[in-house]
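Asks: Let me begin by handing over the structure; questions about it come next.
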Amino acid sequence: MKTNNKTHSAAVGGGTAGGAVIGTNEVLSAAATLKKYKSAKQRLESRIVENEKWFRLRHWAEAPGGTASSSAWLFNSIVNKHADFMDSIPQCTVLPREESDEKAAQQLTDMLPVILERNNWDSVYSDGAYGKLKTGTAVYSVLWNPEACDMLGDIDVRRADILNLFWEPGIRDIQKSRNLFYTELVDNDILTDKYPVLEGRLGSPGEAFGYLYDPEVDLSDKSTVVDWYYKKRVNGKTVLHFVKFVGDTVLYASENDPEYSDRGWYDHGMYPFVFDPLFAEEGTPVGFGFIDIMKGVQEEIDLLGTEIVKNARMGARRRYFTRNEGAVNEEEFADMSKDFVHVSGSSLGEESIREINNVPLSGVYVTVLNNKINELKEVSGNRDFVSGGTLGGVTSGTAINALQEAGNKLSRDMISATYRAFAQICTICIELIRQFYSVPRSMRILSPGGEGSYGAFDNSLLQPESLGNDFGYELGTRVPVFDVSVKAHKQNTFSRASQNNDALNFYKLGFFDPAKSVESLACMQLIDIDNKEKIIRIIEENGKKYGAAPTGEENRYDIGTV
């Protein structure tokens, strides 16, 4: 197992000395593949940039004459969905597949929240939720950063910009792409300081691939750094290799490093990117989002609303026809502070000045507008009661809460897909811990009650274990394998209020009455509720004090015997 310091030296200056497998020709070939991947991705990139304009209410900014004003119904739907995501931030529990791995699983369960907290997971998750809702896909990168923790190294979990990620066209599973590229713009002075070999070899970032960036950003002193991941078969095993290059200059290649040439860059052999699509599409790892299905209705709302407001403004303001040779002093007539308006000539009639009669629009147009607004709410699943409003005739808090829970099934479906992506993130984190946590490190672990404890953690419990030998034959090794269970870390005040209300109801029903512990425990077997085990433990302890509840294995009651 390599040390972290060696990993760092390989990452920032790994050699391409004699016998290098990856050189200029290979990098130029990879750049051509990247250009082909980007060409196939142009339609997706255009859609993503267009969706961002709709989210920022700038979709009419470039229309001739500002065709319509922008209303925020689409924006409101997106931020309400985002609030649902933030109410259910995921947390993980690592489960062992064998009894002997229970200690390692508990250690990982303690470690992963600390690692995610160091990466500001709440912020990463929030950005990913916005990306999933707007573009249809959130992408997360799970990488090893050898420079973190004072050069000891640690795991980086970040949201990846899908505009900078390129994969093989026509594949659904990103792990089946032959190559994967991630690009980043870096200042030239930073690059030459870190990689002196680039001195005098940096060019314009737009020369090669024409990335989509805000035109207000000055790119003249930046260059594109490409992280190239690819898979190949080595000794009958698929391994992942990594190359970092700028232009035609190789900065590092794992195949050129003797330590990684056979084993690959990451031992887990997976691309370190996790895709979380909203509405999946065939033949691509990305999906489409709510803006894609809502912007047609939002466009009609904007156009119709603009005309209705224009008609209302015309009706609210009096306008007049005047003859060029009319006898009315127009300046005095327009000045409402004037008590007298002078006219010339001996007579004043309607021929001199006449009011323009505005015909108000029929109320049917307002009805059509409201129907379009309701259509957008239905399409997005953002009905009134979901966002906290009430319906006519519904006044009971319990009824409103039931309607909200029923209406939230769309959000629960979206969030459950994100939980599957989160489980993949945690799985990759576990594999990086297995590979790189060779040096013990101290972490502060918070218990559910808020108390903190400290411990030193490494990867010693995750390494392959020998199975011994039988009849003189080695039985090989066993690698500890774990499952990741994900559930919501509830932060919703309404959820807390609901749990508090459940506790009060249990109290009123006598669940905590020691004399009724037998009946209460029997009832708890039929209830599916948060903190169920904790409630059962409290009832059992009360029953033991009173002498009503059995002890040991008899604490689980058969309803038929009560």
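Asks: Can you report the number of residues in segment 249-274 which are more than 30 Å from L133 (Cα to Cα), open to solvent by less than 20 Å² (accessible area, probe 1.4 Å) and of a type in the set (V, I, T)?
Replies: Total meeting the criteria: 1.
Asks: Somewhere in segment 76-89, is a residue aromatic (F, W, Y) and open to solvent by less than 20 Å² (accessible area, probe 1.4 Å)?
Replies: Yes.
Asks: Here is a further query. Look through segment 111-165, keep the residues that are assigned to a loop (DSSP other than H, G, I, E, B) and not charged (D, E, K, R), and return whichever of them is surrounded by the fewest Cβ atoms within 10 Å (Cβ to Cβ).
Replies: N120
Asks: Another question, then. What about E255, is it at pLDDT 90 or above and either under 23 Å from T24 (Cβ atoms) or out of contact with any Gly (no Cβ under 9 Å at 6 or more places or on another chain) (or both)?
Replies: So E255 passes the test.
Asks: Quick check, is V243 assigned to a strand (DSSP E or B), buried (at least 23 other Cβ atoms within 10 Å of the Cβ) and at pLDDT 90 or above?
Replies: yes
So that you can scan it fast, the table gives a plain yes or no per residue for (1) more than 40 Å from the chain's Cα centre (by Cα); (2) buried (at least 16 other Cβ atoms within 10 Å of the Cβ); (3) at pLDDT below 75; (4) not aliphatic (A, V, I, L, M):
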{"position": "S453", "(1), (2), (3), (4)": "no, no, yes, yes"}
{"position": "S460", "(1), (2), (3), (4)": "no, no, no, yes"}
{"position": "F471", "(1), (2), (3), (4)": "yes, no, yes, yes"}
{"position": "E474", "(1), (2), (3), (4)": "yes, no, yes, yes"}
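Asks: While we're on this one: Restricting the first residue to segment 67-84 and requiring it to be more than 14 Å from Q298 (Cβ to Cβ), which pairs with a second residue that is of a type outside the set (S, T, Y) and buried (at least 17 other Cβ atoms within 10 Å of the Cβ) meet a Cβ separation below 6 Å and a spacing of at least six or different chains?
Replies: Note: pairs meeting the criteria are N80/N382; K81/L133; H82/A129.
Asks: Continuing with this model, one more query. Within the set of pairs 6+ apart or on separate chains, which have a first residue in segment 278-293 that is farther than 15 Å from R47 by Cα, a second that is in a loop (DSSP other than H, G, I, E, B) and open to solvent by 30 Å² or more (accessible area, probe 1.4 Å), and C-beta atoms under 8 Å apart?
Replies: Here the result reads E282/R172; G283/G170; G283/R172; P285/R172; P285/D173, each pair linking segment 278-293 to a residue that is in a loop (DSSP other than H, G, I, E, B) and open to solvent by 30 Å² or more (accessible area, probe 1.4 Å).
Asks: What residue, of D101, D122, D173, D110, is free of Cβ contacts under 8 Å to residues at least 40 places away in the same chain and either over 30 Å from K35 (Cβ atoms) or not basic (K, R) (or both)?
Replies: Just a single option satisfies the conditions, and that option is D122.
Asks: Give the residue that is modelled with the lowest pLDDT, with candidates limited to residues of segment 38-75 that are of a type in the set (G, A, S) and open to solvent by less than 60 Å² (accessible area, probe 1.4 Å).
Replies: This residue is G66.
Asks: Within segment 521-539, track down each residue that is in a helix (DSSP H, G or I), touching a residue at least 24 places away in the same chain (Cβ under 8 Å) and closer than 13 Å to D502 by Cα.
Replies: Within segment 521-539, I535 is the sole residue that qualifies.
Asks: Then there is this: Would you point out the residue of segment 90-107, among those that are of a type in the set (A, V, I, L, M) and open to solvent by less than 60 Å² (accessible area, probe 1.4 Å), that is farthest from E299 (Cα to Cα)?
Replies: A104
Asks: Follow-up question, since we're still on this one. Among the residues that make up segment 93-103, is at least one of them in contact with a strand residue (DSSP E or B) (Cβ under 9 Å, 6 or more places away or on another chain), within 30 Å of E375 (Cα to Cα) and among the small types (G, A, S)?
Replies: no
Asks: So M294 fits all but one of (1) more than 30 Å from K176 (Cα to Cα); (2) out of contact with any Leu (no Cβ under 6 Å at 6 or more places or on another chain); what number is the exception?
Replies: (2)
Asks: Sort through S126, S46, S70 and tell me the only one that's closer than 29 Å to D483 by Cβ and among the small types (G, A, S).
Replies: Going through S126, S46, S70 in turn, just one is closer than 29 Å to D483 by Cβ and among the small types (G, A, S): S126.
Asks: Out of the residues in segment 275-311 meeting the condition of being farther than 30 Å from G131 by Cα and open to solvent by less than 60 Å² (accessible area, probe 1.4 Å), tell me which one is modelled with the highest pLDDT.
Replies: Here the answer is I308.
The values are calculated or read from the model by the stated rules, or taken from the named source; none is laboratory data. Being a predicted model, the structure only gives us computed values, none of them experimental. Please note: Cβ atoms are built from the backbone with ideal geometry, for glycine as well, and neighbour counts cover all protein chains shown. Just the protein is used for accessible areas: all its heavy atoms, side chains included, with ligands, DNA and RNA removed. Shrake-Rupley method; radii C 1.70, N 1.55, O 1.52, S 1.80 Å.
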